[in-house]
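Encoded as C-alpha cells, the structure appears first; notes follow it.
The values are calculated or read from the model by the stated rules, or taken from the named source; none is laboratory data. Please read all numbers here as calculations on a predicted model, not as lab measurements. Cβ coordinates were reconstructed from backbone atoms using ideal geometry, including for glycine residues, and neighbour counts include every protein chain displayed.
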Amino acid sequence: MALSESDLSELLDALRAGELTDTIRTSLEWILQQLIEAEATAVIGAAPHERTDARTAQRNGHRPRLLATPAGDVELKIPKLRTGSFFPSLLERRRRIDRALFAVVMEAWVHGVSTRKVDDLVAALGVSSGISKSEVSRICAELDRDLEAFRTRSLGHVEFPYVFADATYVKGRINGRVVSRAVVVATGVTANGDREVLGVEVGDSESGAFWTAFFKGLRARGLAGVQLVISDHHLGLKAAIESTFVGSAWQRCRVHFMRNVLARVPKASVEMVAAAIRTVFAQPDAAHVRAQLDEVQAMLAAQFPDVAALLGDAAEDLLAFTAFPQAHWRKIWSTNPLERLNGEIKRRTNVVGIFPNDASVARLITAVVVETHDEWAVAERRYLSEASMAKLYATADTTDPEEPPLAITA
C-alpha cells in the first residue's frame with residue numbers, strides 16, 4: 001500500500017503548486033479505497049483475479065458510497081460479493097459523514113446554529129452534497145445517551161443548601177399542534193460554595209404536580225441539605241416547594257416581586273416606587289431591613305394602597321434571605337443567576353423556532369445547561385466563598401434545638 005514513485009512525484013508537484021485541497025481529498029480517497037480493498041481481500045481470502053484455496057466468496061462489482069470529510073466529498077467503491085455481504089469496518093452503516101464532521105455538526109447545532117446554516121457550514125468545509133435537516137437531527141440524537149446520563153446523575157456527593165428554580169417556555173409540536181412547552185431548570189450552590197445544574201425537565205405547564213414530580217426526582221437522586229429555595233411566586237411552584245422541601249425556607253425572588261408591584265403603579269410613579277422598595281435591600285442588617293420595609297409600606301399606603309398591601313403580605317417570603325449570612329444576601333435574594341442561564345436557553349432555542357417533539361427540546365436545552373455546568377466547574381472563583389459557607393453551617397449548628405426550623409410561609 002506504499003505510494004509509488006510516480007504518485008509521490010505528483011503529490012510533490014501539487015504541493016509546490018499550492019493545490020492542497022484537491023490533493024488531500026484525492027489522497028484520502030485513494031488511501032480509504034486501498035484500506036477497503038485490503039479488508040475485502042482478507043474477508044474473501046483472495047485478491048482480485050487471484051485463485052486460492054482459501055477463497056470463501058467471489059467479487060461481484062462495486063456499489064458507490066459517498067463519504068463527506070473535512071477535505072471534501074470522497075467517492076468510494078464498496079466491493080459486492082456473489083454470496084454473503086461485505087461492509088468495511090472503517091465506515092459506519094447509514095452514515096455518510098466522518099467523525100470529524102460529525103463533531104462539527106453536533107457542536108454547531110448545540111450552539112444554536114440552524115439546520116440551514118449547518119448545511120451551509122458543511123458545504124463551506126468542502127462537502128458539496130450538503131446535509132439534510134433529518135441527517136442533522138439524526139447526528140444530534142447520538143447526544144442523547146450522554147445527556148440522559150447527566151440528567152439522571154447522582155446528587156448525593158455533597159449537600160446543596162441553596163436551590164434556585166425557574167421555568168421558561170419554548171414552542172413545540174404535540175399531536176400536530178404547535179403549543180408552549182414548559183422547560184424547568186434547577187441549579188444549586190454546594191456546601192463548598194460551588195454551583196451546579198441540578199436538573200432540567202420538559203412538560204406541559206408549570207403546574208404544581210409537574211414541579212412536585214421534578215423536585216421529587218431531584219430528591220430521589222440524592223439532593224439533600226436544602227436550607228433555602230429561591231423562586232418566583234408561581235402558586236404551583238410554591239406548593240411543590242412546600243411539600244417537597246419540608247423545613248426549608250422559601251425566598252420569593254425580589255426581581256419578580258418588583259415586576260408584580262410596578263405593574264400596579266402608574267407609569268409616572270414607577271421610578272419613585274421602585275427606588276423606595278430598593279432601599280429595603282440596602283440596609284446593613286436584618287433588623288434594619290425589616291424596619292425599612294415597614295417604613296416604606298407606611299409611606300406608600302396613602303397613595304398606593306395595593307402596593308402597600310403587597311409588601312405586607314409578601315414581607316416574610318421577601319425577607320427570608322435575612323436569616324442567612326449577610327455575605328450571601330445579594331446572591332440569594334433573587335433568581336437572577338438562573339435568569340442568565342434561561343436567557344442563554346432562549347437565545348439557543350429561538351434559532352430553532354418550533355421543536356418537533358419534547359425529546360428534541362430536552363436534547364438541546366440539556367446540552368446548553370451541561371455547557372454552563374462545565375463552565376461553573378472550572379471557574380476560577382466559587383459562587384460563594386468557603387469562609388462564608390462556613391458561617392452558614394456555624395449558624396445552623398448554634399440554632400436552638402427547641403426552635404422549629406425556618407419554614408415556608410403560606
Helices (runs of 4 or more DSSP H) (entirely within the stretch 271-384) containing at least 1 residues that are closer than 30 Å to Ser205 by Cβ
305-318, 329-332, 336-352, 358-377
Mind checking whether some residue in the stretch 325-335 is closer than 19 Å to Ala182 by Cβ and either surrounded by 17 or more Cβ atoms within 10 Å (Cβ to Cβ) or touching a residue at least 24 places away in the same chain (Cβ under 8 Å) (or both)?
yes
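So that you can scan it fast, the table gives a plain yes or no per residue for (1) outside the structural domain of Val185 (by TED's automatic domain parsing); (2) closer than 29 Å to Ser180 by Cα; (3) surrounded by 20 or more Cβ atoms within 10 Å (Cβ to Cβ):
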residue: Ala315; (1), (2), (3): no, no, no
residue: Leu338; (1), (2), (3): no, yes, yes
residue: Asn350; (1), (2), (3): no, yes, no
residue: Gly353; (1), (2), (3): no, yes, no
residue: Ala377; (1), (2), (3): no, no, no
Taking the stretch 166-182 and the residues there that are of a type outside the set (Lys, Arg) and within 17 Å of Gly236 (Cα to Cα), the one that is surrounded by the fewest Cβ atoms within 10 Å (Cβ to Cβ) would be Tyr169
Select from the stretch 29-62 the residues that are of a type in the set (D, E, K, R) and surrounded by 13 or more Cβ atoms within 10 Å (Cβ to Cβ) and write down the one among them that is farthest from Lys80 (Cα to Cα).
Glu29
Just give me the residues in the stretch 167-185 being aromatic (Phe, Trp, Tyr) and more than 21 Å from the chain's Cα centre (by Cα), in sequence order.
none
